Amino acid sequence: QVQLVESGGGLVRAGGSQRLSCAASGITFSIYTMGWYRQAPGKQRELVAAILRGGSTNYADSVKGRFTISRDNAKNTVYLQMNSLKPEDTAVYYCNAEVGTLVYWGQGTQVTVSS
C-alpha cells in the first residue's frame, strides 16, 4: 500500500521559515519524481516545487529563491524548506509522487502564514 505522509505544517509569522517533510512507503522512492503542490481556498492546486530522480529541481516563480526542495533516498523522504514566508503562501501543501502513469498524493498539511 502506497502512503505519502506529510508533516511540518502549522502557523508561522510572515518572514519566518518552516520545513515540510513527506515520508513515502510502498514505492521505489528513488525512481519517482517528487513534488510539492499547494491549494489555497478558492484556488486551483498548483505546483510549488519538484525534484526529479536525478536531483534536478524546478520551482514556481512565486517561490524561487525562497523555497528549496530536497530528497533523501535513503530515508524515502522529500523535504520543502520554506523561507521568507508570505501570507500568500498560506495553503494546504500536498506531497506528490509520479513515475510514468503512476501518481500518488499525500493527505496534505496546512501551512498558515500570519501577517
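The values are calculated or read from the model by the stated rules, or taken from the named source; none is laboratory data. A quick note: this is a predicted structure, and the numbers were derived from the prediction, not measured. Only protein heavy atoms, including side chains, enter the accessible area calculation; ligands, DNA and RNA are left aside. Shrake-Rupley method; radii C 1.70, N 1.55, O 1.52, S 1.80 Å.
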Identify all lysines with a Cα-Cα distance to Lys75 below 27 Å; exclude those on the same chain that are fewer than 8 residues away in sequence. Lys64
Considering only C-alpha atoms, what is the centroid distance from segment 78-98 to segment 1-57, in Å? 6 Å
Taking a probe of 1.4 Å, how large is the accessible area per residue of segment 3-68, in Å²? 54 Å²
Using the Karplus curve 6.51 cos²θ - 1.76 cosθ + 1.60 with θ = phi - 60°, what ³J(HN,Hα) values do you get for each residue of segment 62-71, in whole Hz, with x for Gly and Pro? 5, 10, 4, x, 10, 10, 9, 9, 8, 9
From the phi of every residue in segment 85-92, what ³J(HN,Hα) in whole Hz does the Karplus formula 6.51 cos²θ - 1.76 cosθ + 1.60 yield, where θ is phi - 60° and glycine or proline is x? 5, 10, x, 6, 7, 4, 4, 8
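Please list the equivalent ellipsoid semi-axes of the chain, computed as the square roots of five times the alpha-carbon gyration tensor eigenvalues, in descending order and whole angstrom.
23, 14, 13
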Most fluctuating residue of Leu52, Leu102, Leu20 in a GNM of the chain with Cα springs under 10 Å: which is it? Leu102
